[in-house]
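A short write-up of the structure that comes next.
The values are calculated or read from the model by the stated rules, or taken from the named source; none is laboratory data. Note that the coordinates shown come from a computational prediction; the quantities given were computed from them, not determined experimentally. Cβ coordinates were reconstructed from backbone atoms using ideal geometry, including for glycine residues, and neighbour counts include every protein chain displayed. Please note that ligands, DNA and RNA were not included when accessible areas were found on the heavy atoms of the full protein model with its side chains. Shrake-Rupley method; radii C 1.70, N 1.55, O 1.52, S 1.80 Å.
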Amino acid sequence: MSIIQRGPDEQVQVLTDEGELRPDADAPELSDERLVEMYRTMKLARHFDERAVSLQRQGRMGTYPPMSGQEGAQVASAFALAEQDWIFPSYREHAAIYTRGWSLDQTLLYWMGHEGGNSPPPDTNVFTVTVPIATQIPHATGAAWAAKLRDTSEVMLCYFGDGATSEGDFHEGLNFAGVFDVPAVFFCNNNQWAISVPRERQTAASTLAQKATAYGFDGVQVDGMDPLAVYRVTKAAIEKARDPEEGETRPTMIEAVQYRFGAHTTADDPSVYRDEDEVQRWKEKDPIPRLETYLRGEGVVDDDAVEAIEADVREEVADAIETAEGVQRPAPEELFAHVYAEMPQRLEQQLAYLQRLRDRHGDDALLES
Amino acid sequence: MSTDTASQRLTLVQAVRDGLYGELERDDDVLVMGEDVAENGGVFRATQGLHEAFGDDRVIDTPLSESGIVGSAIGMAAYGLRPVPEIQFMGFIPPAFDQLTSHAARLRNRSRGRYTCPMVVRAPYGGGIRAPELHSESKEMWFVHEPGLKVVVPSTPHDAKGLLASAIRDPDPVVFLEPKLIYRAFRESVPDERYTVPLGEAAVRREGADVTLITWGAMTRPAIEAAEAVADEVDVEVLDLRTLSPLDFETVRTSFEKTGRALVVQEAPRTGGLGSEIVATLQEESLLYQEAPIEQVAGFDTPFPLYALEDYYLPESDRIEDGIRAVATYEI
Ligand SMILES: Cc1ncc(C[n+]2csc(CCOP(=O)(O)OP(=O)(O)O)c2C)c(N)n1
């Protein structure tokens, strides 16, 4: 019996809250090297997040959605993918898309308002960052369906939040996935809050995972702040999607139970709707010290290794910030680029008009408004 | 200052809140619903304090579902309540599009007047606040194009409160679009007491004899600025439409027949915009008064860009001044 075939409320855990291997659990088969890489990526994500929030505060970047607390779910799930698999992110999966090949400076550029920041780097299997909630879910279903029709071995992993499960697109996307039995994994980052609305007010159902049952496939809850559990569950779901056993369905919904430590975005003030006590309680499950404790216990990292990693991620993030801030404001012609494969005449005329305006008034005057 | 009634200097978003407060107080059937509108007071604080004042049954946080919000508001409205759903940003109205256009707009017509849909869908709209993707659109024409819906866009705090009250009391569904660029841009004296500003009436913001400038929403301010900037050369009359549907064409025509010259300033993409409808109607009905081609200063026919380029997208005073001069100096 696979780890995902269980009741939707039987949450999978591999590590205790303190970071010890649970007596009833198996650690995933991951080399020490991969484990350290996973840990490093999570540390990097945390540091990136702190710096990004402070850039916004200093007016060096626009609104930014922080991910602290969610690094374990993002990184470990992305680690479970094979080279050919794809992810469909929302707007908060900075660490997941990094794991799949996006550079940090590109993510920064996106939140600095540059179109180029949302252009997937070549050879990365990442769909675009999606802002309208839940709309990426049917896309993942469709891409998985196409992969099945073309008989490839690709699996599509789609991320979304707890709030997204209330949108019609969530239901339509999962229903199609069930009906056409497509190789997709629906990964719900249940961070307890959709801005100010708590998970209990999003649905009267006791779990989100159980929603999969209604679409005829497996739904499983995992401790989303336990990276080893997330890895195991996602890996099992991906393998089932790729190569189902007799009687198994391809799609799976994973509900990764976790917590957003910070604000919804830098424009949000969580003190209006939630208690600091609650935040502190969840911080005890922080995925980073938890994985670190495990790795130290296994003798995989020690003080020196942790310190080296910390220095290393600080440098990588600082470099990314420098690179992003060194990029000039995009040329105004970029407004007109990539609207269509071929620019219609009317757009050409409007572009020429913009050029005349710039010649006549200068950029400073146009940017003043 | 000697006034009979007390007033406060409010921003536009505070005036919206004040308007909602007044209507919730006036009529038990009125209720506010949407994402993050209760305890959080809305992401722009347009509903701040309302939950505290009116409680769980009148100010309601819903699940994250625009179709659910608008669809259930339609059922409530048909039943006899006066729901005022908020959609967090105009860019997130699309999941509710079917409900708005296939049902809210048509319920009266379909049921031959037996069922009606008196509700107000509020949404912040427009660009200029350095927001992420899909938080800056001006898609008013989606709804202007839909018979059965009214579309209202305030441009001042005083109007925001009065127009919102009218919209809530209106027997038909209203899409109430709040230009968030000017949510907090300036304050204006707003009476504490309830009042209404009628729907379907444009306002003359500046009287002038030479050119008629037609605009609405956040563009009203740069339009007035531009009119002042060229005041030595051209005397511009600035009209703020306030209600986009049904349009107060009478005020537009009267002004145009006086000046013979006009331009439309809109933030929305030019093609298929309200400006085009205004130009077409003026040519049909007032051709013989026309002394120059009617100009349009509009958003480009491109997606609204991420914020690094948004200032190039939005019409601003220089562009508007150019437009005024082109219209004013044209000679046949
Ligand atoms: C269709 C749509 N409606 C509303 C919004 C505004 N909005 C942005 S994030 C958010 C809450 C999302 O909550 P959840 O799905 O739980 O994801 P989280 O942000 O917690 O990661 C809302 C309402 C949006 N982006 N898209």
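Amide H of B:Val151 versus every other amide H placed in the peptide plane: which residues, excluding those fewer than 5 positions away on the same chain, fall under 5 Å?
Amide H neighbours of B:Val151, under 5 Å, 5+ apart: B:Val175, B:Leu244, B:Ser245.
Under a cut-off of 28 Å between alpha-carbon atoms, report the lysines in cross-link reach of A:Lys240, not counting same-chain residues fewer than 8 places apart.
Of all the lysines, those that pass the test against A:Lys240 - Cα under 28 Å, at least 8 places apart if same chain - are A:Lys148, A:Lys211.
Filter the trypsin sites (Lys or Arg not before Pro) in region A:94-153 to those in DSSP coil with at most 10 other Cβ atoms within 10 Å of their Cβ, and list the result.
Values: sites: A:Arg100, A:Lys148, A:Arg150; in loops: A:Arg100, A:Arg150.
Loop-located and lightly packed - A:Arg150.
Under 5 Å between amide H atoms, partner at least 5 residues away or on a different chain: which partners does B:Gln296 have, H built in plane at 1.01 Å?
B:Val264
Averaging sequence separations of C-alpha pairs under 8 Å and six or more residues apart, then dividing by the length of region B:7-191, give the relative contact order as a whole percent.
Numbers: 386 pairs, mean separation 52.6, N = 185.
Normalised by residue count, the contact order of region B:7-191 is 28 percent.
Subtracting the Cα-Cα distance from 0.36 nm times the residue separation, let me have the gained length for A:Ala214 to A:Glu307 in nm, one decimal.
On the way: separation 93, 0.36 × 93 = 33.48 nm, distance 4.78 nm.
Extra length from A:Ala214 to A:Glu307 when fully extended: 28.7 nm.
Longest exposed-loop-site-free stretch of chain B, with chymotrypsin sites (Phe, Trp or Tyr not before Pro), DSSP loop and at most 16 other Cβ within 10 Å?
Working: sites that count: B:Tyr115, B:Phe186, B:Tyr195, B:Tyr330.
Longest stretch, sites excluded: B:196-329.
Using θ = phi - 60° and the Karplus curve 6.51 cos²θ - 1.76 cosθ + 1.60, what whole-Hz ³J(HN,Hα) does each residue of region A:324-341 get, with Gly and Pro shown as x?
Coupling constants for region A:324-341: 5, 6, x, 7, 6, 3, x, 5, x, 4, 4, 3, 9, 7, 6, 7, 10, 4 Hz.
Other chains' Cβ within 10 Å of B:197-205 residues: what's the mean?
Values: counts 0, 0, 0, 0, 0, 0, 0, 0, 0.
Average neighbour count from other chains, rounded to a whole number: 0.
Given chain B, what count of lysine pairs have C-alpha atoms under 23 Å apart, with each pair 8 or more places apart or on different chains?
Number of lysine pairs found: 6.
Cα-based Rg of region B:7-191 per 2.2 N^0.38 Å, rounded to two decimals? Write out the running numbers ahead of the final one.
On the way: Rg = 15.1 Å, N = 185, 2.2 N^0.38 = 16.0 Å.
The reported ratio for this selection is 0.94.
Ordering A:Ile3, B:Ile168 by how much accessible area each has at a 1.4 Å probe, largest first, what is the list?
On the way: A:Ile3 30, B:Ile168 5 Å².
The ordering from most to least exposed comes out as A:Ile3, B:Ile168.
Full extension from B:Arg194 to B:Ala231: what is 0.36 nm times the residue separation minus their Cα-Cα distance, to one decimal in nm? Let's see the in-between values first.
Details: separation 37, 0.36 × 37 = 13.32 nm, distance 3.63 nm.
Taking 0.36 nm per residue and subtracting the Cα distance, the gain is 9.7 nm.
What's the average, rounded to a whole number, of partner chain beta-carbon atoms within 10 Å of each residue's beta-carbon in A:60-69?
Partner-chain Cβ atoms within 10 Å, mean over residues of A:60-69: 2.
Looking at region A:195-295, which trypsin sites (Lys or Arg not before Pro) are in a loop (DSSP not H, G, I, E or B) and have at most 16 other Cβ atoms within 10 Å? All intermediate terms of the calculation are to be shown ahead of the outcome.
Numbers: sites: A:Arg199, A:Arg201, A:Lys211, A:Arg232, A:Lys235, A:Lys240, A:Arg242, A:Arg260, A:Arg274, A:Arg281, A:Lys283, A:Lys285, A:Arg290; in loops: A:Arg260, A:Arg274, A:Lys285.
Answer by residue number: A:Arg274.
Taking the Cα centre of region B:203-329 as the origin, how large is its charge dipole in debye, to the nearest 20, when only Lys and Arg (+1) and Asp and Glu (-1) carry charge on their Cβ atoms?
Details: 10 positive and 25 negative charges, 52 e Å.
Once rounded to the nearest 20, the dipole reads 260 debye.
What residues have an amide H closer than 5 Å to that of B:Ala268, excluding those fewer than 5 places away on the same chain, when H is modeled at 1.01 Å from N in the peptide plane?
For B:Ala268, whose amide H was placed from the backbone, the distant partners under 5 Å are B:Gly299.
How high is the relative contact order of chain B? Use alpha-carbon pairs under 8 Å, at least six apart in sequence, and give a whole percent. Let's see the in-between values first.
Numbers: 744 pairs, mean separation 55.3, N = 332.
So the answer I get is 17 percent.
Which GluC sites (Glu not before Pro) does region A:238-331 hold that lie in a coil by DSSP with at most 11 other beta carbons within 10 Å? Mind dumping the intermediate values first?
Working: sites: A:Glu239, A:Glu245, A:Glu246, A:Glu248, A:Glu255, A:Glu276, A:Glu278, A:Glu284, A:Glu292, A:Glu298, A:Glu307, A:Glu310, A:Glu315, A:Glu316, A:Glu322, A:Glu325; in loops: A:Glu245, A:Glu246, A:Glu248, A:Glu284, A:Glu298.
Passing both the DSSP loop test and the Cβ count: A:Glu245, A:Glu246, A:Glu284.
Let's test the formula: R0 of 41 Å, r as the Cβ-Cβ distance of A:Arg329 and B:Arg325. What FRET efficiency results, to the nearest 0.05?
Details: r = 28 Å, r/R0 = 0.69.
After rounding, the FRET efficiency stands at 0.90.
Answer with one residue from A:Ser2, A:Gln106, A:Ser196: the one whose Cα lies farthest towards the positive end of the charge dipole of chain A, charges on Cβ with Lys, Arg +1 and Asp, Glu -1.
A:Ser196
Could you tell me the relative contact order of chain A? Use alpha-carbon pairs under 8 Å, at least six residues apart, and round to a whole percent.
Working: 629 pairs, mean separation 86.9, N = 369.
Normalised by residue count, the contact order of chain A is 24 percent.
Which order do B:Ile294, B:Ile129 take by accessible area at a 1.4 Å probe, largest first? Walk me through the numbers before you get to the answer.
Numbers: B:Ile294 25, B:Ile129 60 Å².
Descending accessible area places them as B:Ile129, B:Ile294.
Given R₀ = 41 Å, FRET efficiency for B:Val204-A:Ala337 by Cβ-Cβ distance, to 0.05?
0.50
Set Lys and Arg Cβ to +1 and Asp and Glu Cβ to -1, take the dipole of region B:7-191 about its Cα centre, and tell me which of B:Asn40, B:Val59, B:Gly162 lies farthest positive.
About the Cα centre, the residue reaching furthest to the positive side is B:Gly162.
Measure nothing fancy, just the Cα-based angle from helix A:168-179's long axis to the longest principal axis of chain A, in degrees from 0 to 90, nearest 10.
Orientation of helix A:168-179: about 50 degrees from the principal axis.
Could you compute the FRET efficiency for A:Gln355 and A:Arg60, with r as their C-beta to C-beta distance and R0 at 30 Å, rounded to 0.05? Please report the intermediate quantities before stating the final value.
Working: r = 29 Å, r/R0 = 0.98.
The calculated FRET efficiency here is 0.55.
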